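Structure, as structure tokens:
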Amino acid sequence: GSRLRQEDFPPRIVEHPSFFFVSKGEPATLNCKAEGSFFFTIEWYKDGERVETDKDFFFSHRMLLPSGSLFFLRIFFLRKSRPDEGVYVCVARNFFLEAVSHNASLEVASK
């Protein structure tokens, strides 16, 4: 018989993040949930750049929740920039393959 290989079982996104509109200073959560037959990790990207979370940088205001969701302790809004605003995707990755979520925009209200 044929042997099952790890690459035969890529992770898959079962809950995609969606558009989110939030007020400055408020907490927010972008949901993402994945399944897979083998161990996989979840990472988040904003506008194509990897998002640093509290695991990467102790003072980060973003946390990767056990479910894979991205939690913001508070949404930053500066006079000339909105560093949390952008297009986010979550990526579930095992040793061989990855699954990428739908794009989710996070927009920050100024008031």
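The values are calculated or read from the model by the stated rules, or taken from the named source; none is laboratory data. What you are looking at is a predicted structure, and each value in this text was computed from that prediction instead of being measured. With ideal geometry, Cβ positions are generated from the backbone for all residues, glycine too; neighbour counts draw on all protein chains shown. The area values use the complete protein model at the heavy-atom level, side chains included, leaving out ligands, DNA and RNA. Shrake-Rupley method; radii C 1.70, N 1.55, O 1.52, S 1.80 Å.
Here are the numbers for this structure:
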item	result
Within the range 74-106, considering residues that are surrounded by 13 or more Cβ atoms within 10 Å (Cβ to Cβ) and within 13 Å of Lys24 (Cα to Cα), the one modelled with the lowest pLDDT	Phe77
Test for Ala28: is it in contact with a Leu (Cβ under 8 Å, 6 or more places away or on another chain) and either of a type in the set (Gly, Ala, Ser) or surrounded by fewer than 17 Cβ atoms within 10 Å (Cβ to Cβ) (or both)	yes
Only one of Lys80, Lys55 that is touching a Leu at 6+ places or on another chain (Cβ under 7 Å), farther than 12 Å from Pro17 by Cβ and basic (Lys, Arg)	Lys55
Count of residues meeting criterion [of a type in the set (Val, Ile, Thr), assigned to a loop (DSSP other than H, G, I, E, B) and over 23 Å from Phe96 (Cα atoms)] in the range 26-79	2
The lone exception for Met63 - which of (1) of a type in the set (A, V, I, L, M, F, W, C); (2) more than 18 Å from Phe19 (Cβ to Cβ); (3) open to solvent by less than 90 Å² (accessible area, probe 1.4 Å); (4) in contact (Cβ under 8 Å) with a residue 12 or more places away in the chain it fails	(4)
Members of the range 58-93 found to be out of contact with any strand residue (DSSP E or B) (no Cβ under 8 Å at 6 or more places or on another chain) and under 18 Å from Pro11 (Cβ atoms), listed by number	Pro66
Close pairs (6 angstrom Cβ cut-off, 6 or more residues apart or separate chains): more than 20 Å from Asn94 (Cβ to Cβ) in the range 38-55, aliphatic (A, V, I, L, M) anywhere	Asp47/Val87; Asp54/Met63
